[in-house]
Amino acid sequence: MKTLEQIVAQHREEWAARSRAQQQLEIENNEAVAKLYGLEDEVPSYVPLERVSLTNNSAFRWPNKTPEERDALFTESAIVDLVSYAVGCMFGRYSLDEPGLILADQGSTVQDYLTKVPSPRFAPDADNVLPIVDGDWFEDDIVAKFRQFLRVAFGEAHFEENLRFIEEALGVKTLRDYFIRRGGKSRFYDDHVKRYKKRPIYWMFSSPKGSFNALIYLHRYLPSTVSTVLNEYLREYEAKLDASLQNLGRESTGGGSPRQQAAAAKEADRLRKILVELSEYEHDVMYPLASEQISIDLDDGVKVNYPKFGRALKRIQGL
């Protein structure tokens, strides 16, 4: 099996060839029209590659960049597309085993997916919640799921090489940095909101400072989904952080070196602040919202439905 780098390079060359072929067709068309009107010597027929408006024509997308810069931007764009597709597979919107949309109706379930894809190589998430936090706190978080997707889609043999290629293409130290950074910044979600023109189909529950995040797929939303986020993920995360805080407290007063004790004390202070943030988010926002058991109608659109969840969801400018 080819490496992901080889696959992307092949994809780039295929689009370059298509773009040149389209350029030649447009030149020939211009020549034919000019000849028809007897304007061969007066009207130029040449069409710069930068004016060939194909979606993945690098010259058209980035006309002011060098060829090397265009290649890098093409690669980054291809990887962003791959991540988006992978998350779609995590939710059951797409499948590695069948083309096109799989789950795209309101209230879609995993059983609906299995009716269409009985033996998937990569199964969708069972409860329609993908936690996104700044460490390996959940076995089924979005980073763990993506690593699993990468293994299934492109093989185990080149897994580490493919993972490094993705991180380099995205310009991040680790894959998690693309999904979430400390402080709640998520390039992934920014890219998703941009892709869907501020009408996202994946919604991110997010605490005020972004210390806790959980992604859901709108088409699989149920009135019980908020309760799932609250009970299975937010409260679970708080419990994990609290246990870690207790361990750090022992380390900061234990027998380690002064540097180790100082580092433990600093991390403990960070966790205390996060726990205060999450406690307020739970008490003031998520618990009342879960009690409401909100129903939505996809026909009303994202613009109507998104505000129903208020401060529970990540704020999107213009929505």
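Farthest towards the positive end of the charge dipole of the chain, among the residues SER45, SER257, VAL117, is the Cα of SER257, using unit charges on the Cβ of Lys, Arg, Asp and Glu. Converting the Cα gyration tensor eigenvalues of the range 101-180 into ellipsoid dimensions via √(5λ) gives semi-axes, longest first, of 26, 16, 11 Å.
Over the C-alpha atoms of the range 1-64, the Rg to Rh ratio, Rh being the Kirkwood estimate, stands at 1.18. Between the C-alpha center of the range 13-51 and that of the range 195-210 there is a gap of 43 Å. Per residue, the convex hull spanned by the Cα atoms of the chain measures out at 191 cubic angstrom.
In this Cβ point-charge picture (+1 for Lys and Arg, -1 for Asp and Glu), the range 1-64 has a dipole of about 400 debye about its Cα centre. Going by neighbour counts of Cβ atoms within 10 Å, the residues MET1, MET204 line up, fewest first, as MET1, MET204. Taking 19 Å as the straight-line reach from the Cα of LYS240, the aspartates and glutamates in range (excluding those fewer than 8 positions away in the same chain) are ASP134, ASP136, GLU139, ASP140, ASP141, GLU232, GLU251, GLU267, ASP269, GLU277, GLU280, GLU282. Can you give the longest stretch of the chain with no exposed loop site, where a site means GluC sites (Glu not before Pro) in a DSSP loop (not H, G, I, E or B) with at most 16 other C-beta atoms within 10 Å? Longest site-free region, per DSSP loop and neighbour criteria: 157-319.
Would you work out which of PRO307, THR225, ALA59 lies farthest towards the positive end of the dipole of the chain, given +1 charges on the beta-carbon of Lys and Arg and -1 on that of Asp and Glu, about the Cα centre? Farthest along the dipole direction, towards plus: PRO307. Measuring spread by the Cα atoms of the range 1-138 yields a radius of gyration and Dmax of 22.1, 72 Å. The angle between the Cα long axis of helix 142-154 and the longest principal axis of the Cα atoms of the chain comes to about 40 degrees, rounded to the nearest 10. Computing FRET efficiency as 1/(1 + (r/R0)^6) for LYS173 and VAL33, where r is the C-beta to C-beta distance and R0 is 45 Å, gives about 0.25. Loop-located trypsin sites (Lys or Arg not before Pro) in the range 80-127 (DSSP state not H, G, I, E or B) with no more than 16 neighbouring Cβ atoms inside 10 Å: ARG121.
Along the axis of the charge dipole computed for the chain (Cβ charges of +1 for Lys and Arg, -1 for Asp and Glu, origin at the Cα centre), the listed residues PHE188, ILE132, VAL285 are led at the positive end by VAL285. Each stretch of four or more DSSP H residues adds -39500 (n - 2.57); spread over every residue of the chain, this sum gives -16000 deg cm²/dmol at 222 nm. Among the trypsin sites (Lys or Arg not before Pro) within the range 175-216, those in coil by DSSP and having at most 15 neighbouring Cβ atoms inside 10 Å are ARG181, ARG182, LYS185, LYS197, LYS198, LYS209.
Net charge dipole, the range 225-268: roughly 220 debye, given to the nearest 20, about the Cα centre with Cβ charges of +1 for Lys and Arg and -1 for Asp and Glu.
Computed from label points 7 Å out along Cα-Cβ, the spacing between ARG18 and TYR46 is 2.6 nm. Counting only lysines at least 8 places from LYS209 when in the same chain, those with an alpha carbon closer than 18 Å to its own are LYS185, LYS273, LYS314. The angle between the Cα long axis of helix 4-36 and the main principal axis of the chain comes to about 30°, on a 0 to 90 degree scale. Using every pair of alpha-carbon atoms in the range 238-319, split the distances into 10 Å bins beginning at 0 and state the percent of pairs per bin, rounded to integers. Final binned percentages: 16, 30, 22, 17, 12, 4, 0. Note on the chain: with charges restricted to the Cβ of Lys and Arg (+1) and Asp and Glu (-1), its dipole about the Cα centre is near 860 debye. Put in line by how crowded their Cβ is, counting other Cβ atoms within 10 Å and starting with the fewest, VAL193, VAL33 read VAL33, VAL193.
By the rule of a C-alpha distance below 18 Å, with chain neighbours fewer than 8 residues away ignored, no lysines are paired with LYS35.
Read-outs throughout are calculated quantities, based only on the coordinates presented, and are distinct from any laboratory measurement. Just so you know, these numbers come straight off a predicted model, no measurement behind them. Because the Cβ atoms are built from the backbone with ideal geometry, glycine has one as well, and the counts that use them run over all protein chains shown.
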